[in-house]
Amino acid sequence: MFNIFRRKRRPDNALDALIFAMYGNPPPPKRANVDLAASLAGDDLLARTIAANSVQEQARALNSGPVPYSTQDLALSVALHFFKQPQFIPHLSHAQIGARLKSLQWLQQGLVAPLLVKAFEDELYSIYKPD
C-alpha cells in the first residue's frame, strides 16, 4: 500500500544497479504488453520499415530479460536495437526524427523511464547527427 514493507535490495551486478537507477529500488514487477510494444515500435517508432516478425521477435527477447519494462520502455528498447544496426541506418534516417519526438511525448506523459529516453536520444543523436 505505502511500500513501507518493501525493502531495498543491494545490486548484485551492474545490470541490477542500472535497473535500480532507472526504475527504483525495489523495481516494479514486469508489466510490458509485448504485443503492443512490438506494434508501437514497428509502427510508431520504426515507421513500418522493419518486418513485423523481426520486431516481435526482438520484443520477446528483450522482455525475457530482467528489466521491468513498461510497454513504452520496451518499444523504445526494441526500436533502438534496429536504429543501431548498420544495415538499417540509411533506411531509418527519416523514421528516427518521429521516434525521437514520440519518446519525448511518452516522457511528458510519464510512460517511459527518463534515463531510457536520455539514452535513446543520445544514441540516436550519435548515429544520425547532421554532418
>> Looking at the chain, identify the longest residue range that excludes and avoids all trypsin sites (Lys or Arg not before Pro) in DSSP loops having at most 12 other Cβ atoms within 10 Å.
In response: 49-131
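Using 0.36 nm per residue of separation minus the Cα-Cα distance, give me the extension gain between SER93 and LYS30 in nm, one decimal. Provide the component values of the computation, followed by the final result.
On the way: separation 63, 0.36 × 63 = 22.68 nm, distance 3.15 nm.
That pair, SER93 and LYS30, stretches by 19.5 nm at full extension.
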>> If you average the alpha carbon positions of the range 29-66 and of the range 89-131, how far apart do those two centres end up, in angstrom?
In response: 16
>> Once you place label points 7 Å from the Cα toward the Cβ at SER54 and GLN105, how far apart are they in nm?
In response: 2.4
> Once fully extended, how much extra length lies between ASN13 and ALA61, figured as 0.36 nm per residue of separation less the alpha-carbon to alpha-carbon distance?
Replying inline: 15.2 nm
>> So for the chain, averaging the separation of alpha carbon pairs under 8 Å that are six or more residues apart and normalising by length, what relative contact order in percent results?
In response: 24
>> Pairs on different chains or at least eight residues apart, Cα atoms closer than 28 Å: how many lysine pairs in the chain fit?
In response: 11
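Over the chain, what per residue volume does the convex hull of the Cα atoms give, in whole Å³?
Numbers: hull volume 15.1 nm³, N = 131.
Enclosed volume per residue, from the Cα hull, is 115 Å³.
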> Short version: ³J(HN,Hα) in whole Hz for each residue of the range 58-65, in order, from phi by Karplus 6.51 cos²θ - 1.76 cosθ + 1.60 (θ = phi - 60°), x for Gly and Pro, what are they?
Replying inline: 5, 4, 5, 5, 5, 5, 6, x
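Computed from the coordinates by the stated procedures, all read-outs in this text should not be read as laboratory data. It should be emphasised that the depicted structure is a prediction, and the values quoted were computed from it without experimental measurement. Don't worry about glycine lacking a Cβ; one is built from the backbone with ideal geometry, like all the others, and counts go over all protein chains shown.
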